[in-house]
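**Q** One structure, as structure tokens, below. Some questions next.
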Amino acid sequence: MLSFVICSIDEGKFAAVSASIAAALGGEPFEIVGIHDARSLCEGWTRGLARSRGDPVVFCHDDIAIHADHLAGRLTRHLGRFDLVGVAGTDRCVGMDWAAAGTAHTWGAIVHGADSAAELCFFGAASGADPVAGIQAMDGVFLAARREVAEAVGFDAVTFDGWHGYDADFTFRAHLAGFRLGVMLDCPLVHRSRGRVDSGLSTSFYRFEAKHAGRLARGRGAWADLRTPIALPGGIAAAFDGANLDRLHERSRREARTLDELASRPYAVGRNDSCPCRSGLRYRDCHGATRR
């Protein structure tokens, strides 16, 4: 039996995601453990894991819709090779923002936004590989783990006592413990939120950096932001088709290489300007750092 652990304070969202899960499973046995008074995602997911009975255990947000049939079979197949799988992540963790290492190190795809303004956000796809192996950290919108792995790694509700950092910390610690992480390419999700920015975000960044100091990779990379409008739900099958993912992968890596080459030119911009590679850093702290 599959267990789903979901923190939600919105009855409408909880009902919608529950219906989406039931449809994706198509009659397979499952349970949904709802935590409706979580003090943080780590705290709520810890309580939900303790109350759940199934194996594997899926931890997900309450504002998603799953557009993958035979979901139980897909997860069983992936978790036969991996210990923990998600839908987006990186093979090079440089901090709490799992995508900060740059496009060359990101994998997966997810649809973001409301039905009338949805976009396919593409991160990367390894041709013929599903899930993508060698992952170090993943996004927490949807994580499926073998039960013994979830219990062994656990969630750090003391350090991450809000709504940020829970996913990067959990998955990075699983990687450090020697568990196998993979990013699935065959589980299309629509995430109706683009995340939340609040006062706890920067605090969580510093806490993550302090907790994992000495174990994180150094340096950000070029960022090619691939977002394309998508009609829901009709456009999902074509968007997640293997050939389309391969085309997007080649485009993303080509654009990232171009940005990296541009930023590597001598004196590409002023020292205090944003680096042309779109890393989000000032030039002097990114590609310009090598010219000191």
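**Q** Modelled label-to-label distance, Ala23 and Asp37, 7 Å Cα→beta-carbon offset: nm?
**A** 3.2
**Q** Full-extension gain between Ser274 and Arg81, please, as 0.36 nm times their residue separation minus the C-alpha to C-alpha distance. Walk me through the numbers on the way to the answer.
**A** Values: separation 193, 0.36 × 193 = 69.48 nm, distance 4.11 nm.
So the extension gain works out to 65.4 nm.
**Q** For the chain, modelled as a GNM with alpha-carbon contacts under 10 angstrom, which of Val158, Val149, Val17 fluctuates the most?
**A** Val158
**Q** Sort Phe4, Phe179 so that the residue with the fewest other Cβ atoms within 10 Å of its own Cβ comes first and the one with the most comes last.
**A** Phe179, Phe4
**Q** Amide H neighbours of Ile135 under 5 Å, counting only residues 5+ apart in sequence or on other chains, H built in-plane at 1.01 Å?
**A** Long-range HN contacts for Ile135: Leu181.
**Q** For the range 170-209 and the range 237-292, compute the distance between their C-alpha centroids and round to whole Å.
**A** Cα centroid of the range 170-209 versus Cα centroid of the range 237-292: 22 Å apart.
**Q** Please give the contour-minus-distance gain from Ala210 to Asp225: 0.36 nm per residue of separation, less the Cα-Cα distance, rounded to one decimal in nm.
**A** Difference between extended and current length: 2.6 nm.
**Q** While we're here: Sort 212-218, 270-276, 87-93 by the packing proxy (mean of other Cβ within 10 Å over each peptide's residues), most packed first.
**A** The packing order, highest mean first, is 87-93, 270-276, 212-218.
**Q** Obtain the nm distance between the two label points defined at His70 and Arg251 by a simple spin-label model: each point lies 7 Å from its Cα along the Cα-to-C-beta direction.
**A** 2.9
**Q** Identify which of Asp169, Asp241, Asp130 has the largest mean-square fluctuation in a Gaussian network model of the chain, with springs joining Cα atoms closer than 10 Å.
**A** Asp241
**Q** Right, next: Per 0.36 nm of contour for each residue apart, how much would the distance between Thr159 and Ala129 grow if the chain were fully extended, relative to their Cα-Cα spacing?
**A** 7.3 nm
**Q** Would you mind checking the radius of gyration and Dmax of the chain based on alpha-carbon positions, in Å?
**A** Every Cα atom of the chain included, Rg and Dmax give 18.9, 62 Å.
**Q** Moving on to the next point. Each residue of the range 183-191 in order: what ³J(HN,Hα) in whole Hz does its phi give by Karplus 6.51 cos²θ - 1.76 cosθ + 1.60, θ = phi - 60°, with x for Gly and Pro?
**A** So the Karplus estimates, Gly and Pro as x, are 9, 7, 10, 10, 10, x, 10, 10, 9 Hz.
**Q** Take the Cβ-Cβ distance between Glu261 and Ala50 as r, set R0 to 51 Å, and report the resulting FRET efficiency rounded to the nearest 0.05.
**A** The formula returns an efficiency of 0.50 here.
**Q** For the pair Thr203 and Ala152, how long in nm is the line joining their label points, each one 7 Å along Cα→Cβ?
**A** Distance between the two pseudo-spin positions: 3.3 nm.
**Q** Using a Förster distance of 45 Å, how high is the FRET efficiency between Asp285 and Ala238, based on the Cβ-Cβ distance and rounded to 0.05?
**A** 0.65
The numbers here are math on the coordinates, done by the rules we state, and not lab data. Predicted model only: the values in this text are computed from it and were never measured. Every residue, glycine among them, receives a Cβ derived from its backbone with ideal geometry; neighbour counts consider all protein chains shown.
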